[in-house]
Ligand SMILES: Nc1ncnc2c1ncn2[C@@H]1O[C@H](COP(=O)(O)OP(=O)(O)OP(=O)(O)O)[C@@H](O)[C@H]1O
Ligand SMILES: Nc1ncnc2c1ncn2[C@@H]1O[C@H](COP(=O)(O)OP(=O)(O)OP(=O)(O)O)[C@@H](O)[C@H]1O
Ligand SMILES: [Mg+2]
Ligand SMILES: [Mg+2]
């Protein structure tokens, strides 16, 4: 790719970017939120048409006008925003656009069989090829998405943050598969915010900053700090800030809580001034636990008390001073058609709403989290994925809640922005006046170990009692989550 | 009709109007009931679910045929579309009398109706007389595809064509099927023929109740009522008041009670083996301020309505 | 605002076009005369008022196919109340309440049964027209003339100082109220949030069901006002009036820039959209176009107006 | 399949209910007699066939409000062709082609202008009815009786071996073809993918625009067949026929289990949905219910049928 440029209205997403990937190479594409990574790769796959520049594929000029042309030319891409068709089955999604037919009719047998093979290769043989995709959890969908790219059989494979929803073992299996494909001569571009992952799995890397290529090179021996510096343009700050904390009164207490399918049995207390983490494998029911606590899913058995309030609807939860960030940003995190300010203030509008009032009220939150935008009254859907996530988190700051229920709040956020969120969390739980309590669901263990005071492990819907973060390790937690190898 | 089959032996006559909301059909209903009581037969009254819905009227007939009534009196919404259902009924040994509007077939026992062409011509003559044979005329049509009103409109045009001094300045606008669409079409027509001093139009004719109603509202609203000659078709208490107030020159009335009465009576006569005429005219009358007081006209103006 | 400007330009364009066409036809400027402007406004008041309610409903992600039937019901209730001897004011209030009750029914069905609004209001469209016909014993209800009828009548010379009939002014006042509600109140934001992403709104503590019920109630009340206007024009309660009018109302809202997917609605735009449609009808009619030509032109304009808006939106979006 | 079963149960329930009511009224089993069954099927063929096309369109995330107007247009074209002396077969084909052309127009407008289908087809609903009226010179077009008219006529005694009139059989054949297309072809999968998540389908390389254009074309052709059936029943080309029928057609599809949000459609369900509505109308009519009672019941049933389906759906996920 040479001299690629792309503008969205006033935003210059890419300016004269060059990128070359050899066959058999795994190339890590890095950069802050909004740096232009997804845009560059969408141009490669044909989903976007560049304003300037040219692309060559195997030495031939290559100008895809739509994803079908890209796919025909041998470029397959897994998009950052999951792009599956919810009403169709897993197998149908895997083969969407390239369905095999026999005598004009679909060859369902072949589709099913091939899907099973690819899923097995990815270590998820339990996913039913005939299941409807909207019945799968987020992680299951991500597996299907990856399976689709693999089943297509391609020369260039692009993966835009494929592991953001995947637990460690699945991610490792994915890397092994990538290695094998590269070994067969495929070129692989891989976007991620996990630097260790990128450096471990990739052969070479490129860093984008503000739509420009700032660094490229082989990964061997490169310290992560150097990449962070390239990404943010300055040296990175301390990764997991942690001030001295003092646990106070209980804000959240659940006792033998059970929902319709998950969780089956969960007991936990979260106090003022502490961060409690929940770790577990995908499908263990962490999301359902948070949803049940917040009144989004029905409670079957057991007790919930949030800020002294029993079972209640989300409205009452917010009123009593609890707030939640969903893992599903597009589905239920944000109203993407409304403005950034509307989304930030949605839980706590005054009776009257004015443009000036909205700008004033949203300013501090935008500043604290470093949300990159043109105007607070801009539709939130126009922000990059990471900045959207910050808006979803920023809502809790604006509302000034006491208890934060966070379901994978840093998914898709770059290192510097993650640090901003960690700092904010730390500030909230240690502030002198009304320190907050935080319950955070995470899949990335270094993060949980870094910011939490206590961590509980969820396994198949049952929550184990929390242990102090200082008394445990990645190894121990993973063992507990996966059932110690049973 | 509760317990219809329970009094066996009694004839059951289905009477199918074009619609059920207009007063006209309620008067027909009253006439049919009167005949039913006189002749000792059961009347089953059922119109299409939506006015002007031919398909629906066909379904009504088919349902009656399936139920097996003794005979059907039908005001066809369409002179061609209803041919087949009527033929089916006849084949199922259910005789049919057509009333109000014609059917392009001779599969029926008798046709009982106003001569609509004559009725329209009546209005045209009256306007020509009132204008002294000179002036501009507007014809606001009712709705696309309605046979009886089209006949009236053609009768009107034929009558005024005999007067070289009369000019029809608009005859391609339709009132549409609801009162509001008729009102708006009238307002717009009048606005198009407005001059500094009033209207450039001297006479207006509308061919049915809802279009006459809409035009009357527009005339009254625009302050033109009484300044232009206006003749409508069909009866309504509002029209009577307008004629008395000089806002309308007159209205052409059919005799719906008689129509309903004769339709049922003819059908029953046929069922009882008596010979009947193939064509029965129920008459049209021009009602003006002058003859409003006549007892015969009073019976037409406020006919007995079915409950 | 920019959005409303586009709709305004479309309106002015259509208006100018017809003014020129009428002038070349008749040699005078009848189309831009005061009385003709008044006529167009009077003919727009019904669809315009109902479009205010529909704007709220569509912005909240709903739709109301029962609006035409509710207008008919409201005229029937009003006429029945008047002929039963109630005061004109009381009768008019009953007419509006009938609309509100219908809206409440829609809202409850949508939220309690969880059936999509298209189907709920398709059902109530049939059922409420049935109720109107039943109430009116399947005929029109005559009612005495009262001051209610002057709401949308042409102004008498001694009332010229009003500029436009009171019904037109009432529409303007209601538009301002609805505009303020939509853009400057918490309820308005919640409504837009529900229309934009219901799940997100629920998570953010918006009482989705309650917001929807209120929206349909308010929308129904505004359609009830449109029913009162309809009665004012016809002076009868007519259970068959306004058949199919819901599509005109929805078209007005969408021409005004709202998205049927919910999450946005433009009060001024909806009124302008209603005006555009009246201008086409009045203009075509005054030019003596055949009805079928008018229908083709109206259809083409609806599509074109929205297409222009979408293209503009795509470029600036 | 499960979904279709629920619709089937609803149909049987409605049928049984009316059979019992008619029996208690008249003392006989007229409602379950052969002729009455045939009657119900004949009355369903038009909405049923059009519902096949609408199923495809709705499953692809679209909607077609112009269906009623297209039926009218098709009858006009057919009648004009017949009176111009064409053979009945050629005329019928022209009628279907008129529907296909209208569908093609809808598809092109939807994909090229990027305007939502609701608005596009609202516009073409008006415009195509205008075209039909213009073609017919604002009258009905009489046509000679031909074998086309027997497609949906009651069977003559000598044709009893057919069991049902040829039009009913044709509907069944078309349903099978549409069902196969939807469920067992690549085009069917692409159609559902577009309806389910258009952006994802595009990213997966589905040619969204082409799929949509084909869907509307096919849907229009099926509506054209419904127009031929309509002509067969009326034996005139009538530009005002089938006004508002699009809502019946959509209701049939949704009662059949399709979601207006797209991504699913049930061919058998749509036919059953159409049958349910005919059964209610025929039953109410044969019971001598007033029109307004029938309208209320129809409205209530539409909402109830969909509500039951949704509740069931919610439980089973
Ligand atoms: N459709 C669009 N309309 C307007 N602006 C856009 C659009 N898509 C992307 N942008 C802008 O282009 C820039 C680059 O976005 P891109 O999605 O490529 O970032 P990214 O590097 O993938 O970030 P992230 O890590 O958050 O996913 C951002 O400023 C974003 O706001
Ligand atoms: N691969 C899979 N295929 C099908 N169903 C699955 C799969 N993984 C999990 N589930 C189901 O998903 C439900 C729990 O998913 P949920 O997303 O709540 O878990 P989680 O612990 O929050 O994981 P995540 O990290 O994805 O948020 C369970 O009912 C489980 O049966
Ligand atoms: Mg990205
Ligand atoms: Mg989760």
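Once divided by 2.2 N^0.38 Å, the Cα radius of gyration of segment D:189-317 becomes 1.27. At the listed q of 0.05 Å⁻¹, the Debye profile of the protein assembly as shown, built from one uniform point per Cα, gives log10 I(q)/I(0) equal to -0.44. Rounded to the nearest whole angstrom, the semi-axes of the ellipsoid equivalent to segment A:250-482, taken from the Cα gyration tensor as √(5λ), stand at 29, 19, 16, largest first.
Of C:74, A:89, the sequence from fewest to most neighbouring Cβ atoms within 10 angstrom is A:89, C:74. Here the relative contact order of chain B, from alpha carbon pairs under 8 Å that lie six or more residues apart, stands at 21 percent.
Spatial offset of segment D:198-241 relative to segment C:120-135 amounts to 29 Å, using the alpha carbon center of each. Each DSSP beta bridge with both residues in segment A:2-232 is either parallel or antiparallel, and the antiparallel ones are about 50%. Assuming a ≥ b ≥ c are the square roots of the Cα gyration tensor eigenvalues, decide whether segment B:105-154 counts as rounded (a/c under 1.5), prolate (otherwise, with a/b larger than b/c) or oblate. It is oblate, given that a/c is not under 1.5 and a/b is not larger than b/c. Put the Cα centre of segment A:308-347 next to the Cα centre of segment C:86-116 and the gap is 31 Å.
Once you sort the root eigenvalues of the Cα gyration tensor of segment D:133-210 as a ≥ b ≥ c, which label holds: rounded (a/c under 1.5), prolate (a/b larger than b/c) or oblate (the other case)? It comes out oblate by the Cα gyration axes. Considering segment A:2-232, its Cα convex hull presents a mean projected area of 13.0 nm². Looking at segment A:86-129, the pairs of alpha carbons with a distance over 17 Å make up 29% of the total. Express as a percent, rounded to the nearest 5, the fraction of DSSP beta bridges in the protein assembly as shown (both residues included) that run antiparallel. Once the DSSP bridges in the protein assembly as shown are tallied, antiparallel ones form about 40 percent. Inter-part distance, segment B:62-107 to segment A:408-486, computed on C-alpha centroids, equals 81 Å. Ranking of B:251, A:231 by neighbouring Cβ atoms within 10 Å, starting from the fewest: A:231, B:251. Considering only D:276, D:119, D:46, the Gaussian network model of chain D with Cα springs below 10 Å gives its largest mean-square fluctuation to D:119.
Ascending distances from the residue D:108 label point to its copies in the other chains, with the point 7 Å along the Cα-to-beta-carbon line: 5.0 nm.
Eigen-decomposition of the gyration tensor built on the alpha-carbon atoms of segment C:1-126 gives equivalent ellipsoid semi-axes of 35, 23, 11 angstrom, largest listed first. Among D:99, D:62, D:123, the largest mean-square fluctuation in a Gaussian network model of chain D, built with springs joining Cα atoms closer than 10 Å, belongs to D:123. Residue of chain C with the smallest Cβ distance to the axis mapping C onto D, distance rounded to whole Å: C:244, 3. The slack in the chain from residue D:84 to residue D:23, taken as 0.36 nm per residue of separation less the alpha-carbon distance, amounts to 17.1 nm. Axis of helix A:108-121 versus longest Cα principal axis of chain A: the two differ by about 70°, to the nearest ten degrees. With only the Cα atoms considered, chain B has a convex hull volume of 125 Å³ per residue. Based on the Kirkwood radius over alpha-carbon pairs, what is the Stokes-Einstein translational diffusion coefficient of segment B:176-249 at 10 °C with 1.306 mPa s viscosity, in µm²/s? Approximately 132 µm²/s, per Stokes-Einstein. Can you give the direction-averaged projected area of the convex hull of the alpha-carbon atoms in segment D:173-265, in nm²? With every direction weighted equally, the projected area is 6.9 nm². Give the relative contact order (percent, whole number) for chain A; include only Cα pairs under 8 Å separated by 6+ residues. For chain A, the relative contact order is 16 percent. What separates the residue D:84 label point from its copies, with the point 7 Å along Cα to Cβ, is 5.8 nm, written shortest first.
Restricting the calculation to Cα atoms, segment C:104-257 yields a radius of gyration followed by a Dmax of 18.3, 58 Å. Sorted from shortest, what are the nm distances separating the label point of residue C:159 from equivalent points in the other copies, each placed 7 Å from Cα along Cα to C-beta? Computed spacing set for this position: 6.1 nm. Please report the orientation-averaged projected area of chain A, defined via the convex hull of its C-alpha atoms, in nm². Dividing the Cα hull surface by four gives the mean projection, 23.8 nm². With 20 Å as the cut-off, how large is the P(r) tail for segment A:1-112, expressed as percent of Cα-Cα pairs? Roughly 51 percent, once rounded to a whole number. Per-residue packing, averaged as other Cβ atoms within 10 Å, sorts the ranges C:267-273, A:375-381 into the order C:267-273, A:375-381, beginning with the highest.
Ranking of B:239, B:99 by neighbouring Cβ atoms within 10 Å, starting from the fewest: B:239, B:99. Considered as an equivalent ellipsoid built on the Cα gyration tensor, chain C has semi-axes of 29, 27, 17 Å, the largest given first.
Just so you know, all these numbers are worked out from the coordinates, no wet-lab data involved. Note that the structure is predicted; figures quoted are calculated from it, not measured. So basically every Cβ, Gly included, is an ideal-geometry build from the backbone, and we count neighbours across all protein chains shown.
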